[in-house]
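Asker: If you scroll down you'll find the structure; I have some questions about it.
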Amino acid sequence: MQSPHTAAVAERGAVPKVGISLRVNDTERAADVEPRLLLVHFLRDHLGLTGTHVGCDTSQCGACTVLLDGKAVKSCTVLAVQADGCEVLTIEGLAQGSRLHPLQEGFQAEHGLQCGYCTPGMIMAAHQLLQRNPHPGEQAIREAIRGNLCRCTGYQRIIKAIQHAARLRLD
C-alpha cells in the first residue's frame, strides 16, 4: 500500500531522480530519490523505518526527530538529498538486539509516554543531550526537548525518564 505522500507524487508525474548514499542505523543505504523527497518520507516509505513519525507537517512537533551526523534534527525539514553522505540514527537504531537502550528503558520504567506518538522524537532529542551531557539537570533536559511537543503527559514523566536513563548509563 502506498503512503499518501507517495500516491500524491505518483499522480503529479515522474520527476528526475538523484542517487544518494547514506548510513542509516549502521547500515549503508543507497537509493534513487526525487530531489524534493523529505528525509522523513525516505526513512518511512523507502526504508520501512516507521518509528520516525510524521506528526504535524509543519516542523513544530518534533515527532520526526532523528540524529543526522549526531545532531538532533526534524527529518521533515531535511531533504533526503541533503543527507547524502551522512549518518542517520533513528529510534530503531538505538536498541542492541532485544536489549533496550537506556532511554527506552527509562521511558518504560518511568511511564514517560501515554499515546507514544511523540516518544521516538523525544528519545532521539534526549539521546543527543546525553551524548553531550551525561549528567543533565532538569533545566538542561527541558531545553533539550523544547522542540518536541507532547499532548498527553505534561512532560514531568518524560523528564523523569531521561533522568532514569542518565542514571542507567552511569551503572
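So that you can scan it fast, the table gives a plain yes or no per residue for (1) buried (at least 24 other Cβ atoms within 10 Å of the Cβ); (2) on the phi > 0 side of the Ramachandran plot; (3) modelled with pLDDT under 95:
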position	(1), (2), (3)
Thr77	no, no, no
Gln82	no, no, no
Ile91	yes, no, no
Ala95	no, no, yes
Leu103	yes, no, no
Phe107	yes, no, no
Gln114	no, no, yes
Gly121	yes, no, no
Met124	yes, no, no
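Asker: Hey, does segment 158-171 have a residue that's of a type in the set (A, V, I, L, M) and loosely packed, with under 13 Cβ neighbours inside 10 Å?
Answerer: So far as segment 158-171 goes, yes, one or more of its residues are of a type in the set (A, V, I, L, M) and loosely packed, with under 13 Cβ neighbours inside 10 Å.
Asker: Residues in segment 43-54 that are in a loop (DSSP other than H, G, I, E, B) and in contact (Cβ under 8 Å) with a residue 40 or more places away in the chain: how many?
Answerer: Matching residues across segment 43-54 total 4.
Asker: Filtering segment 11-35 down to residues that are touching a Gly at 6+ places or on another chain (Cβ under 9 Å) and either free of Cβ contacts under 8 Å to residues at least 12 places away in the same chain or hydroxyl-bearing (Ser, Thr, Tyr) (or both), which residue is surrounded by the most Cβ atoms within 10 Å (Cβ to Cβ)?
Answerer: Ser21
Asker: Going through segment 47-81 one residue at a time, which ones are under 17 Å from Gln128 (Cα atoms) and in contact with a Phe, Trp or Tyr (Cβ under 7 Å, 6 or more places away or on another chain)?
Answerer: Ala63
Asker: Can you name the condition, by its number, that Glu87 falls short on among (1) assigned by TED's automatic domain parsing to the domain that holds Ala31; (2) buried (at least 18 other Cβ atoms within 10 Å of the Cβ)?
Answerer: (2) is the only condition that Glu87 fails.
Asker: Could you please tell me which pairs satisfy a Cβ distance under 7 Å, a separation of 6+ or placement on different chains, a first residue in segment 135-148 that is loosely packed, with under 12 Cβ neighbours inside 10 Å, and a second residue that is assigned to a helix (DSSP H, G or I)?
Answerer: His135/Ala166
Asker: Do we have any residue at all in segment 36-58 that's surrounded by fewer than 13 Cβ atoms within 10 Å (Cβ to Cβ) and modelled with pLDDT under 95?
Answerer: Yes: one or more hits.
Asker: Can you name the number of the only condition in (1) β-branched (Val, Ile, Thr); (2) in a loop (DSSP other than H, G, I, E, B); (3) in contact (Cβ under 8 Å) with a residue 24 or more places away in the chain that Val40 fails?
Answerer: With (1) β-branched (Val, Ile, Thr); (2) in a loop (DSSP other than H, G, I, E, B); (3) in contact (Cβ under 8 Å) with a residue 24 or more places away in the chain applied to Val40, the lone miss is (2).
Asker: Taking segment 19-49, which residues are of a type in the set (S, T, N, Q) and either within 19 Å of Ala95 (Cβ to Cβ) or in contact with a Leu (Cβ under 8 Å, 6 or more places away or on another chain) (or both)?
Answerer: Asn25, Thr27 - these are the residues of segment 19-49 that are of a type in the set (S, T, N, Q) and either within 19 Å of Ala95 (Cβ to Cβ) or in contact with a Leu (Cβ under 8 Å, 6 or more places away or on another chain) (or both).
The values are calculated or read from the model by the stated rules, or taken from the named source; none is laboratory data. The structure displayed is predicted, hence computed values, not measured ones. All Cβ positions, even for glycine, are placed from backbone atoms using ideal geometry, and neighbour counts span all protein chains on display.
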